[in-house]
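To keep things clear, I will list the structure first and then write my remarks on it.
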Amino acid sequence: MERPLTEHMRPDKLPLSLKEYESVGGYQALRKVLKGMTPKAVTDLVKESNLRGRGGAGFSTGMKWSFVPMDAPKPKYLICNADEMEPGTFKDRILLESTPHQLIEGMILSAFAIQADISYIYLRWAYKVAGEAIIKALAEAYEAGYLGKNILGSGYDLEMYLHTGVGRYMCGEETALLNSLEGKRATPRAKPPFPQISGLFGKPTIVNNVETLCCIPHIVNKGATWFQQLSKTGDAGTKLYGVSGKVKKPGAWELPMGVTMRELIEEHAGGMQDGLKFRGALPGGASTDFLVEQHLDVKMDYTSVAAAGSRLGTGTLVVLDDKTCPVGFVKNLEHFFAQESCGFCTPCREGLPWVEKILDAIDRGKGRMEDLKLLEFHTKYLGPGNTFCAFAPGAMEPLQSALKYFREDFEKHITEKACAYKHEVLSTAG
Amino acid sequence: MATLYIDNKAYEVKTGKNLLETCLTLGFDLPYFCWHPALGSVGACRQCAIKVYKDENDKKGRLIMSCMEPVANNQRISITDEEAVEFREHVIEWLMTNHPHDCAVCDEGGSCHLQDMTVMTGHAYRRFNFKKRTHRNQYLGPFINHEMNRCIQCYRCVRFYKDYAGGKDLDSFASRSNVYFGRHQDGVLESEFSGNLTEVCPTGVFTDKTLKEHYTRKWDLTTAPSICQHCSLGCNTIAGERYGSLRLITTRYNGEVNGYFLCDRGRFGYEFVNGSDRIRTAAIRGESVDREKMINEVARILSTSRPIGIGSPRASLESNFALRALVGKDNFYHGVSDNEHDLANLSIKILRDGPARNATMKEVETADAVFILGEDLTNTAPMMALAVRQSIRQVPLQDVTKINVPLWNDAAARELIQEDKGPLFIAAFQETKLDELATQTFRGSPDEIARLGFAVAQLIDNSLPEVSGFSFPAGNENNGHAYSHRIVAG
């Protein structure tokens with residue numbers, strides 16, 4: 001089984017130096033492209049490979065790049081979204097800490113494809129280990145002539161900078177990230193115009209996820225067909241999957257795209273801890289719908305998970321066991337979402353704290369039956385298009401699926417006026 | 001023009017506008033908060049939701065925010081669709097979860113946009129039964145009262161104060177349901193246009209503190225259209241009085257003059273009208289007399305002596321005219337020196353017969369280039385300074401229109417033009433507040449500034465006499481916009 005993204009990770013988890021990365025074939029893809037490929041050829045190759053964005057949306061990467069106008073005024077920007085803050089997600093961190101040069105090479109190739117002049121890595125502040133690894137790797141890359149003016153004598157210039165955020169989840173949203181990078185408040189932008197036309201400082205910009213960019217050197221080296229054949233399904237490539245929750249071996253694994261949820265949880269994560277049963281899982285982090293026992297054999301790719309009523313998102317599962325209170329679980333998530341809302345649009349800003357307060361009341365045994373109607377009202381109205389961005393619709397995904405699959409737990413809290421799971425109720429709502 | 005189907009009825013509408021503005025122009029009751037005709041659309045409040053349909057067979061449609069959607073030919077929309085009506089009602093419900101029950105004691109009550117929209121959407125009953133978020137209020141000066149609990153986060157205040165009027169000391173702070181609009185610390189708001197906050201704010205967050213001194217509800221005010229007398233621009237106002245005292249000055253919209261706004265001098269500088277030492281009754285040498293006695297006394301003086309009348313440029317035209325009629329033209333003096341009188345007549349002659357007429361304020365706003373010769377507009381004609389502030393956006397905005405981004409999409413337009421400014425040249429003998437926007441400022445004595453004016457005139461018409469000491473090298477490029485000349489003195 002090929003694991004192009006992680007096979008060269010050092011056992012001691014320290015980042016690969018430039019020399020180590022070169023010794024396992026690093027920067028060969030860059031040489032290949034700069035020697036004899038046009039930017040359009042690179043974009044076409046990535047389009048053909050069927051690589052879908054690994055940040056959660058799953059949009060065709062090559063198609064996204066093709067929307068950048070090639071005749072636009074300079075500068076153009078290529079940005080790596082390394083603001084991994086989706087609760088339950090830790091896959092990008094692994095790539096950043098272990099193989100920063102893989103990311104840098106992927107970024108140079110992507111920047112070349114869209115003829116960008118300046119690139120940024122927007123890194124979550126809390127990833128300090130990754131930050132240090134990146135600083136070191138950038139210095140090495142500049143020294144080796146892989147960045148800066150006239151890269152490898154090709155005439156192509158690219159500057160690359162590291163920028164650290166200050167800890168808001170909203171900065172992971174593409175357009176809010178752009179605003180944050182410009183030094184403005186991290187609220188999103190309305191689209192159209194799209195970042196490919198008006199992005200960073202009003203110039204054409206592409207924002208890609210860490211894992212997406214790390215795939216690029218391998219696609220260049222081994223071709224589109226090879227990348228498609230790595231996968232078990234129509235969605236190409238390998239995927240960094242993760243599992244957290246009360247399983248025996250929580251962790252992350254690079255596997256062919258399309259393994260089943262059962263294989264992930266039972267084979268790789270070692271199954272549930274003794275005495276616990278699987279109740280459900282959020283397949284892609286906090287803002288995805290629950291999948292339950294009947295979905296254990298669903299293939300974990302974008303298409304199949306969507307067909308099962310959820311989203312693959314980041315592909316890092318958060319597992320709910322049968323001894324954890326689902327109401328408390330969802331309340332904790334909604335507390336996060338209410339706190340991280342940017343506050344720009346009415347339904348999200350006012351609706352999420354209301355949802356949190358209701359869940360808190362239910363959890364403490366003070367809920368009423370009509371509270372369930374109020375929760376459902378929010379899952380219906382905080383939908384895509386009704387709010388300014390996709391934040392609130394994402395926040396509603398765990399809630400709407402919890403009401404669907406664990407409704408009896410909600411009702412029991414209300415009728416018994418207590419939480420049967422006897423967990424310590426931490427009241428989060430003011 | 002385009003055809004727009006609203007609830008299956010066809011309307012001929014202008015292209016280029018957004019759907020909200022179009023529906024409002026047609027007279028539909030479509031609620032909104034964050035859109036403002038002078039500030040554009042941002043899509044924040046979600047109040048203006050309507051349904052849009054793919055074609056006539058699409059019965060479901062999808063909700064969109066009408067302020068963010070451009071008019072398209074043969075588009076089908078619905079305002080009365082049940083889901084749209086319900087959603088709009090729920091937006092008010094969400095706003096009401098944190099909005100205090102202040103109506104009875106809130107100055108805005110009776111002239112409150114939020115009240116109007118609440119009634120329009122039909123929201124009535126409260127389902128939220130938790131605590132509301134509250135804020136601390138700030139002292140913002142003698143004109144503006146601050147009550148942040150009432151805020152519905154439409155962002156109009158900072159969009160006007162910072163983006164439109166260039167103010168620096170009002171901003172948005174914090175995030176989520178804690179978003180706060182205020183100063184970095186308590187203190188008098190610095191912008192000369194801060195008073196417009198009381199009108200752009202749809203709730204009672206920013207209210208007129210001078211009105212508070214002698215408060216009355218809007219429905220008890222008797223209002224009349226008026227013109228501001230504090231400078232020569234003639235901004236249109238509405239004056240409101242009750243029981244014989246002037247209570248409130250608000251903007252009267254005039255698209256060619258002041259638009260939707262006023263400066264603080266015009267808005268808050270009205271208390272002299274209520275001054276206690278104004279002459280309210282007839283008096284002879286300080287002693288009050290009745291009108292009849294006064295008229296008889298004046299008639300006696302006029303018939304037994306030869307009075308002269310001295311008018312004043314600070315009195316109204318009507319008063320001056322009446323005095324001249326009373327004493328006769330030969331006995332009337334206009335109250336200014338002959339020199340000043342001649343200059344005024346020359347100005348009138350030039351304005352009437354000259355080759356170029358006086359620009360309207362709207363024309364200043366939409367000008368491609370502005371040259372201020374020897375004036376500090378912020379002090380002498382504040383609203384024109386505000387118009388100049390908009391003019392510097394015109395040339396950069398041409399690029400926005402070129403890529404089909406509508407100008408009412410305010411955030412997108414501002415993002416695309418960044419800090420680009422169109423040509424503005426200011427010649428003044430001391431610093432002006434507009435200097436920070438200028439392509440170039442020229443500092444000199446009034447004589448030097450006059451000579452600069454003659455030099456520029458000679459540049460336009462080289463049959464005019466040459467003026468030494470100035471050159472205007474060409475070709476100062478800025479982001480692809482070529483400015484043809486710079487001023488070099490000496």
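Could you go through region A:153-166 in sequence order and give the Karplus-derived ³J(HN,Hα) for each residue, using 6.51 cos²θ - 1.76 cosθ + 1.60 with θ = phi - 60°, rounded to whole Hz, and x for Gly and Pro?
x, 8, x, 8, 9, 8, 9, 9, 10, 9, 10, 9, x, 10
Please work out whether region A:18-229 counts as rounded, prolate or oblate from its C-alpha gyration tensor, where a ≥ b ≥ c are the square roots of the eigenvalues and a/c under 1.5 means rounded, while otherwise a/b larger than b/c means prolate and anything else oblate?
Values: a/c = 1.36, a/b = 1.17, b/c = 1.17.
It comes out rounded by the Cα gyration axes.
In degrees between 0 and 90, to the nearest 10, how far off the longest principal axis of chain A does helix A:128-143 point, with axes built from Cα atoms?
Taking Cα atoms only, the helix is inclined about 10 degrees.
Using the Kirkwood radius built from alpha carbon pairs, what does the Stokes-Einstein equation give as D for chain A at 20 °C and 1.002 mPa s, in µm² per second? Intermediate values should be presented prior to the final figure.
On the way: Rh = 22.4 Å.
The estimated diffusion coefficient comes to 96 µm²/s.
Considering only Cα-Cα distances, which of the following residue pairs are longer than 19 Å: A:Lys380/A:Lys404; A:Lys184/B:Lys17; A:Lys32/A:Lys91; A:Lys246/A:Lys380; B:Lys17/B:Lys51; A:Lys380/B:Lys51?
Numbers: A:Lys380/A:Lys404 13 Å; A:Lys184/B:Lys17 28 Å; A:Lys32/A:Lys91 28 Å; A:Lys246/A:Lys380 31 Å; B:Lys17/B:Lys51 17 Å; A:Lys380/B:Lys51 16 Å.
With Cα atoms farther than 19 Å apart: A:Lys184/B:Lys17; A:Lys32/A:Lys91; A:Lys246/A:Lys380.
Over its Cα atoms, what ratio of radius of gyration to 2.2 N^0.38 Å does the protein assembly as shown give? Walk me through the numbers on the way to the answer.
Values: Rg = 33.8 Å, N = 920, 2.2 N^0.38 = 29.4 Å.
Cα Rg divided by the expected 2.2 N^0.38 Å: 1.15.
Enumerate the aspartates and glutamates that B:Lys218 could reach by cross-link, defined here as Cα to Cα under 12 Å, with residues fewer than 8 away along the same chain left out.
Once the sequence-local aspartates and glutamates are set aside, what remains near B:Lys218 is B:Asp107, B:Glu108, B:Glu241.
For B:Glu190, B:Glu82, what's the fewest-to-most ordering of other Cβ within 10 Å of each Cβ?
Values: B:Glu190 14, B:Glu82 9.
Ranked by crowding around the Cβ, least crowded first: B:Glu82, B:Glu190.
Taking only Cα atoms of region A:1-47, what ratio of Rg to Rh do you get with Rh as the Kirkwood inverse-distance radius?
Working: Rg = 13.7 Å, Rh = 12.7 Å.
On the Cα set of region A:1-47, Rg over Rh gives 1.09.
Report the local net charge at A:Ser310: Lys and Arg +1, Asp and Glu -1, summed over other residues whose C-beta lies under 10 Å from its C-beta.
Numbers: positive: A:Arg311; negative: A:Asp289, A:Glu397.
Once all neighbours under 10 Å are counted, the net charge is -1.
What nm distance separates the two modelled labels at B:Asp29 and B:Lys132, each placed 7 Å from Cα along Cα→Cβ?
For B:Asp29 paired with B:Lys132, the spin-label model returns 2.4 nm.
For A:Val207, what residues show an amide H to amide H distance below 5 Å, using hydrogens built from the backbone and excluding near sequence neighbours?
A:Ile79
Roughly how tilted is helix A:39-49, in degrees to the nearest 10 and between 0 and 90, from the longest Cα axis of chain A?
40
Taking the Cβ of A:Gly367 as the centre, find all other residues whose Cβ is under 15 Å away and add up their charges (Lys, Arg: +1; Asp, Glu: -1).
-1
Principal axis extents for chain B, Cα atoms only, whole Å, descending order, please.
Cα spread of chain B along its principal axes, largest to smallest: 86, 68, 49 Å.
Under a crude label model (7 Å from the Cα following the beta-carbon direction), how far is A:Met63 from B:Ser276 in nanometres?
7.7
Calculate the spin-label point distance for A:Lys222 paired with B:Asn358, positioning each point 7 Å from the Cα along the beta-carbon direction, and give it in nanometres.
About 7.9 nm, to one decimal.
Placing one identical point scatterer on every Cα of region B:1-147 and ignoring solvent, what is log10 I(q)/I(0) from the Debye formula at q = 0.11, 0.15, 0.19 Å⁻¹?
-0.51, -0.84, -1.17
State the dimensionless ratio Rg/Rh of region A:326-416 (Rg: radius of gyration of Cα atoms; Rh: Kirkwood radius).
Values: Rg = 12.2 Å, Rh = 12.8 Å.
Answer for region A:326-416: 0.95.
For the charge dipole of region B:131-274, defined by +1 on Lys and Arg C-beta atoms and -1 on Asp and Glu C-beta atoms about the Cα centroid, which residue among B:Asn274, B:Cys157, B:Leu248 has the Cα displaced farthest towards the positive pole?
Farthest towards the positive end: B:Cys157.
Enter the mean projected area of the convex hull around the alpha-carbon atoms of region B:131-274, in nm², rounded to one decimal. If you can, show how the numbers build up before the last one.
On the way: hull surface 37.9 nm².
Value for region B:131-274: 9.5 nm².
With r defined as the distance between the Cβ atoms of B:Asn73 and B:Lys402 and R0 fixed at 22 Å, what FRET efficiency is calculated, to the nearest 0.05? Please list the in-between numbers first.
Values: r = 21 Å, r/R0 = 0.96.
Efficiency, from the Cβ-Cβ distance: 0.55.
Exceeding 18 Å between C-alpha atoms, which entries from my cross-link table qualify? They are A:Lys13/A:Lys232; B:Lys132/B:Lys162; A:Lys74/A:Lys203; A:Lys373/B:Lys59; A:Lys76/A:Lys149. Can you show the working numbers first?
Details: A:Lys13/A:Lys232 28 Å; B:Lys132/B:Lys162 29 Å; A:Lys74/A:Lys203 7 Å; A:Lys373/B:Lys59 26 Å; A:Lys76/A:Lys149 15 Å.
The answer is A:Lys13/A:Lys232; B:Lys132/B:Lys162; A:Lys373/B:Lys59.
Charges at C-beta only: +1 for Lys and Arg, -1 for Asp and Glu. How large is the resulting dipole of region B:188-318 about its Cα centre, in Debye rounded to 20? Intermediate results must be reported in sequence, preceding the final value.
Working: 17 positive and 16 negative charges, 70 e Å.
Computed charge dipole of region B:188-318: roughly 340 debye.
Looking at A:Tyr381, A:Val330, A:Ser401, which one has the Cα that reaches farthest to the positive end of the dipole of region A:326-416 (charges on Cβ: Lys, Arg +1; Asp, Glu -1)?
A:Tyr381
Skipping prolines and chain starts, which residues have an amide H placed within reach, meaning under 5 Å, of the one on A:Thr238, given they are 5 or more residues away or on another chain?
Sorted by chain and number, the residues that satisfy this are A:Met257.
Would you grab the residues whose amide H sits under 5 Å from the one on A:Leu317? Only those 5+ places off in sequence or on another chain, please, with H modelled 1.01 Å from N.
A:Gly242, A:Val243, A:Ser244
When you have a sec, figure out the Kirkwood radius of region B:334-386 from all distinct Cα pair distances and drop it here in Å to one decimal? Write out the running numbers ahead of the final one.
Working: mean 1/r = 0.0755 Å⁻¹.
Kirkwood radius, region B:334-386: 13.3 Å.
Magnitude of the Cβ-charge dipole of the protein assembly as shown, K/R +1 and D/E -1, about the Cα centre, nearest 20 debye?
Numbers: 107 positive and 113 negative charges, 204 e Å.
Computed about the Cα centre, the dipole is about 980 debye.
Step through the residues of region A:173-187 one at a time and calculate ³J(HN,Hα) from phi using the Karplus curve (6.51 cos²θ - 1.76 cosθ + 1.60, θ = phi - 60°), rounding each to whole Hz and writing x for Gly and Pro.
Whole-Hz 3J(HN,Hα) from phi for region A:173-187: 6, 3, 7, 5, 4, 4, 4, 5, 5, 7, x, 9, 4, 7, 9.
Towards the positive end of the charge dipole of region B:361-489, with charges on Cβ (+1 Lys, Arg; -1 Asp, Glu), say which of B:Pro446, B:Thr432, B:Val370 has the farthest Cα.
Ranked along the dipole, the leading option is B:Val370.
Using just the C-alpha positions of region A:112-207 as equal point scatterers, what log10 of I(q)/I(0) does the Debye formula give at each q in 0.11, 0.14, 0.19, 0.24 1/Å?
-0.38, -0.60, -0.98, -1.21
To test your reading of the geometry: what angle, between 0 and 90 degrees and rounded to tens, separates the Cα axis of helix A:391-405 from the longest principal axis of chain A?
Its long axis makes an angle of about 40 degrees.
Neighbour counts of other C-beta atoms within 10 Å: give me A:Asp322, B:Asp107, B:Asp290, B:Asp169 arranged from fewest to most.
Values: A:Asp322 14, B:Asp107 21, B:Asp290 9, B:Asp169 17.
Listed from fewest to most nearby Cβ atoms, that is B:Asp290, A:Asp322, B:Asp169, B:Asp107.
A short reminder: the numbers here are calculations on the coordinates, not readings from a lab. Not measured: the values here are computed from a predicted model. When we count neighbours, we look across all protein chains shown, and the Cβ atoms used for this are built from the backbone with ideal geometry, even at glycine.
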